[in-house]
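S.K.: Here it is: the structure, laid out below.
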Amino acid sequence: MINITIGDQVLTATLVENSTTEALLKKLSEGPVSIAMKDYGNMEKVGSFGFNLPRNDEQITTEAGDLILYQGNAFVIYYAPNSWNFTRIGKINNVTTDALKNILGQGNIVVSISRTA
């Protein structure tokens, strides 16, 4: 699992098992990663990791709370459905669509991702 910190909110997420998450956990073992994110298409927040991760793309229809790797270097948090070829990273635990939209807010945000203790 990982922690996703947005402002004063800390969300946990369960990761899928693939080479993407293995590489991400290795990177997070060096310390938290901060990502500047912006709204895109009224369905997601997206921002660059600042590094590349291995891709495991598959056709996916997202749901609120899905964590996705896009094009090998972009981190995406979905709050509405979308269908595309993505790499699944994981899913935020125990959050409703409305609560997630409220936490993500409107406009730009900075998210910090870290390993759970």
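What follows is calculated from the coordinates using simple rules that are stated; it is not laboratory data. Quick caveat, the model's predicted, so the values are computed rather than measured. Here Cβ is always computed from backbone atoms with ideal geometry, including for glycine, and neighbour counts include all displayed protein chains.
S.K.: Using only helices, what value at 222 nm comes out for the chain when you add -39,500 (n - 2.57) per DSSP H run of length 4 or more and divide by the total residues, to the nearest 500 deg cm²/dmol? Write down the numbers at each step before the final one.
M.R.: On the way: 2 runs with 18 residues, N = 117.
Dividing the helical sum by the residues of the chain leaves -4500 deg cm²/dmol.
S.K.: Only loop residues by DSSP count here, and only those with at most 13 other Cβ atoms within 10 Å; note down the GluC sites (Glu not before Pro) in the range 1-92 that meet that. Mind showing how you got there, number by number?
M.R.: On the way: sites: E17, E22, E30, E44, E58, E63; in loops: E17, E30, E63.
Answer in residue order: E17, E30, E63.
S.K.: At what distance in nm do the modelled label points of E63 and M1 sit from each other, each positioned 7 Å from its Cα along Cα→Cβ?
M.R.: Each label point lies 7 Å from its Cα, and together they span 1.8 nm.
S.K.: Another question, then. Would you mind listing how long the chain runs along its three principal axes, going by Cα atoms, in whole Å with the largest first?
M.R.: 32, 31, 24
S.K.: In addition: Provide the per-residue ³J(HN,Hα) series for the range 77-90, in order, calculated from phi with Karplus coefficients 6.51, -1.76, 1.60 and θ = phi - 60°, each as a whole number of Hz, with x at glycine and proline positions.
M.R.: 10, 8, 10, 8, x, 7, 10, 5, 8, 10, 10, 6, 9, x
S.K.: Among the aspartates and glutamates, select those whose C-alpha is under 13 Å from the C-alpha of K101, and discard any that sit fewer than 8 residues away in the same chain.
M.R.: Partners found: D39, E44, E63, D66.
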